[in-house]
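These notes concern the structure reproduced below.
The values are calculated or read from the model by the stated rules, or taken from the named source; none is laboratory data. Computed from a prediction, not measured in an experiment: that's the story for all the values here. Counting neighbours? That spans all protein chains shown, and the Cβs are built from the backbone with ideal geometry, glycine included.
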Ligand code: ATP
Ligand code: MG
C-alpha cells in the first residue's frame, strides 16, 4: 500500500531536519494500522489518529523542540526541571561541563546548587497532585495466580517504613547499600527508601553468582545488604540467601564484612523455617520494617549528590561501576520516558527488564514513577508456564506500553505465532525495544504479530552510562524504519566520526560519539575517575565516545551497527555484525545469529557465523547454503560468512546480550583465552559450542 504523506508533507520544506531527514518520500511504506506485507517495506508512518493524540505530533514539532534543546539547553532543561519540586533552586549555571581531556579533568554538573530528592518527586509530589489512590505498582509473581498491587499512597508508606528502619540502624546520607533482590515490589521500595534518606544504592542483579556479588560488595563497602531468602524463577528455586552468605565470606576475607543483612522472607519460594540463619546478624525484613512509622522525613540532597552506582552488563569485559547523581538523572529519565513512549496518565506500563540493570533503574523505577505512571513489576520468566505468558499478563492488566529486549522478541518469534495470537492484546498502544540492535525481521514480527500492526515501536538506543534514552523514536512524530533507532532525543548531539575523529556528514558510517553533556550523563566510574576519562573521553578528544558503531542513511536515520570492537574488516569492507546477523535472522529457519571476524591471510578477516535454528529444524548442508545465500542476496557476496557454526545456544550476559568476545575466541580456537565468563547467564553453552565446532 502507498502511504498518504499529507500530514507529513511539511517535512519536505523544513530546512533544519537532521541530516537530510526531509527527503522522506517513498512509495514502499505503510501507515500505522496496516500490516507490513513485504520485506521491502522500510517505512512505517504514524497514523493521523496516533499523531493527533501524541505529545509530539509531527516532525516539525520535534524539530522545533530539538532545535531549542540544542541552541538553548539551559532554558530547555530549566523549564522541564521546574515541573519538579526543588527545596532550593539551582544556581545561575544550569550546566557546567568539561568533557575535553586537553582542558583538564572531565567534569559534568547539572542544576548545581539545586536541592531536591528524587523519592519525594516520585511519590509525595504525585500524591499531593491527587494521585494517592492511583496504582503505582502492580506485581505479578512467578506463578500466574500470585499478584499484588500498591497505590502511590501505600507505596510511600512502605518506602517510609524501610527508610526509617535504615536510618535507625545507622544508614545515612552518602552511605552505600547493596540490594540483591529479585523482582518483588520490595526491590523498587528498597531503591526509593535509599534515595529518600540520601543513601547510595548499588543494585546487583539477583542472577549473579556469589563471586560477582562479592566483587561488587568489596567495591562499595555497604553498611547493609538487602536480600531475600529465595526466589522461584520458572520451575527453579534459587537460594539467594546462600549466595549472599557465600559472597560475604569472600568479602569478609577482603576486609569488607557487612554486619547487617536484611532478608525479606519470600514465602512463595521458601519459608523461614528452612532458611539457614545466623541469629543476631541476619534480620527478617518482616520482623522489623513493619514496626516503623509510615512517615519519614526527606533528606534533601544536592543535585550532584550521588544517587546510585551500577555495573554495566559486562558484554565486553570487566563491568564498570557507573556513578549517577540526583538532579540531572531525575529530570532526564522522567522526560525521556514521557516522550519516547508518548506517555498518557491512563497508561499501564510494563518493562520486562530487571531492576538489576540500568533499564530497570531508569524505566521500571524512576522514569515512570516520576511521571505518576502505573508500572507492572514481573517476578517470573517470560516463557513460564509457557511462551504465552507475556500476552496473558498484557491482557490481565490491560498493559498499554510494553518494553522489552530483542533477545526476548526473537525467542518468542521462534516459539511461534499461536502463543501470541490466542490472546487479545488490544490494550497495547506502544512497544519498545532495548539492549541490542533489533533485527528488521524481528522488528516486523513484533510490529505485525504482537502489536497487530497498530503500535509504533520505540527502539531506544542508550547505555548504563547515559542514564536514559539517547537515540529513540518519538512515536507520533516520525515515520519509523524497522531496525533503526531513528533520531536523537532532545538535547543530544550524536556525531559519527572516522578513525581520526573527523565528524562525518550526510550518509556515513563510523564511530558514534556525543558532542556535549546531557542531564542524565554518568559523572564518573566509582573510585576510578581515570578509567572514566580513558575509556570514554580519550579515544576521540572533545567527545563522549559510546563504543558503538553507527551509520546514518540518506534520510538521516541512525542505525546502530554493534560495538566497534565487533566491526569486521573483510578485504577492506567494514562490515557491522548487526547487519550480517539481521540477514541471517531473516532466514525463516534461523532463530538467532552471532557473527564474529577471524583472521584471514588474504582478506584480512573473514566472517564466522554462529547460528541457532528454529526448534525442530536439523542442521544440514542445505540449511547452511541457504543461510549463506540469504547474506549474499541481502548484503552482498563480500559479506558472506566463510563458516557457519551451528550453535545449540549462544553465550549471553545475564541481561540477554550475546557475548561476541567469547565467540571470537572459539572461532579462532584460542580456547585457553576465553577470559572472564562469570557474567554469562549459562556458562555451559561455551562447552557445548566447543564440542560442536567440528560440525
Ligand atoms: P559493557 O559496557 O560492560 O561491555 P554493555 O555495554 O552491554 O556492557 P549496557 O550499558 O547494559 O552494558 O548496554 C549498552 C549497550 O547495549 C550499548 O552500548 C549498545 O551496544 C547496546 N544497545 C542498547 N540498546 C540498543 C539499541 N536500541 N540498539 C542497538 N544497540 C543497543
Ligand atoms: Mg557498554
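Structure data summary
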read-out	value
Qualifying residue in region 537-549 (condition: assigned to a helix (DSSP H, G or I) and either touching a residue at least 12 places away in the same chain (Cβ under 8 Å) or within 12 Å of ligand 1 (Cβ to nearest atom) (or both))	yes
Count - residues of region 359-375 that are touching a strand residue (DSSP E or B) at 6+ places or on another chain (Cβ under 6 Å) and under 27 Å from residue 314 (Cβ atoms)	4
Selected residue [at pLDDT 95 or above, over 18 Å from the mean Cα position of the chain (by Cα) and in a loop (DSSP other than H, G, I, E, B)] from 501, 527	501
Residue in region 23-38 that is modelled with pLDDT under 85, in contact with a helix residue (DSSP H, G or I) (Cβ under 7 Å, 6 or more places away or on another chain) and buried (at least 19 other Cβ atoms within 10 Å of the Cβ) present	yes
Search result, residues across region 646-661 that are crowded, with 21+ Cβ neighbours inside 10 Å and more than 16 Å from ligand 2 (Cβ to nearest atom)	647, 650, 651
Residues that are surrounded by 15 or more Cβ atoms within 10 Å (Cβ to Cβ) and closer than 16 Å to residue 223 by Cβ, drawn from region 272-284	282, 283
Every residue from region 163-193 that is within 22 Å of residue 247 (Cα to Cα), in a helix (DSSP H, G or I) and in contact (Cβ under 8 Å) with a residue 60 or more places away in the chain	186, 187, 191
Members of region 593-628 that are at pLDDT below 95, within 32 Å of the chain's Cα centre (by Cα) and not in a strand (DSSP E or B)	614, 615, 616, 617
Yes/no for residue 666 being away from ligand 2 (no atom under 16 Å from the Cβ), in contact with a helix residue (DSSP H, G or I) (Cβ under 8 Å, 6 or more places away or on another chain) and closer than 27 Å to residue 494 by Cβ	no
Flag for residue 472 being touching a residue at least 12 places away in the same chain (Cβ under 8 Å) and more than 30 Å from residue 174 (Cα to Cα)	yes
Meets criteria (surrounded by 24 or more Cβ atoms within 10 Å (Cβ to Cβ) and within 16 Å of ligand 2 (Cβ to nearest atom)) for residue 362	yes
Subset of region 557-566 [within 12 Å of ligand 1 (Cβ to nearest atom), out of contact with any helix residue (DSSP H, G or I) (no Cβ under 7 Å at 6 or more places or on another chain) and not in a strand (DSSP E or B)]	564, 565
Which listed residue is under 30 Å from residue 53 (Cβ atoms), away from ligand 1 (no atom under 16 Å from the Cβ) and surrounded by fewer than 24 Cβ atoms within 10 Å (Cβ to Cβ), from 293, 345	345
Unique match (being surrounded by 20 or more Cβ atoms within 10 Å (Cβ to Cβ) and farther than 28 Å from residue 655 by Cβ) among 269, 303, 247	303
Checking residue 112 against (1) surrounded by fewer than 20 Cβ atoms within 10 Å (Cβ to Cβ); (2) modelled with pLDDT of 95 or more; (3) closer than 30 Å to residue 33 by Cβ, the condition it does not meet	(3)
Selected residue [modelled with pLDDT of 95 or more, more than 24 Å from residue 137 (Cα to Cα) and buried (at least 20 other Cβ atoms within 10 Å of the Cβ)] from 262, 323, 309	323
Residue that is at pLDDT 85 or above and assigned to a helix (DSSP H, G or I), where the choices are 650, 663	663
Selection within region 433-449 - more than 16 Å from the chain's Cα centre (by Cα) and either under 20 Å from residue 656 (Cα atoms) or within 16 Å of ligand 2 (Cβ to nearest atom) (or both)	439, 440, 441, 442, 443, 445, 446
Residues within region 568-592 that are surrounded by fewer than 20 Cβ atoms within 10 Å (Cβ to Cβ), assigned to a loop (DSSP other than H, G, I, E, B) and touching a helix residue (DSSP H, G or I) at 6+ places or on another chain (Cβ under 8 Å), tallied	3
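Okay, residues lined up against (1) within 16 Å of ligand 2 (Cβ to nearest atom); (2) touching a helix residue (DSSP H, G or I) at 6+ places or on another chain (Cβ under 6 Å); (3) touching a residue at least 40 places away in the same chain (Cβ under 8 Å):
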{"position": "417", "(1), (2), (3)": "no, yes, no"}
{"position": "464", "(1), (2), (3)": "yes, yes, yes"}
{"position": "476", "(1), (2), (3)": "no, yes, yes"}
{"position": "479", "(1), (2), (3)": "no, no, yes"}
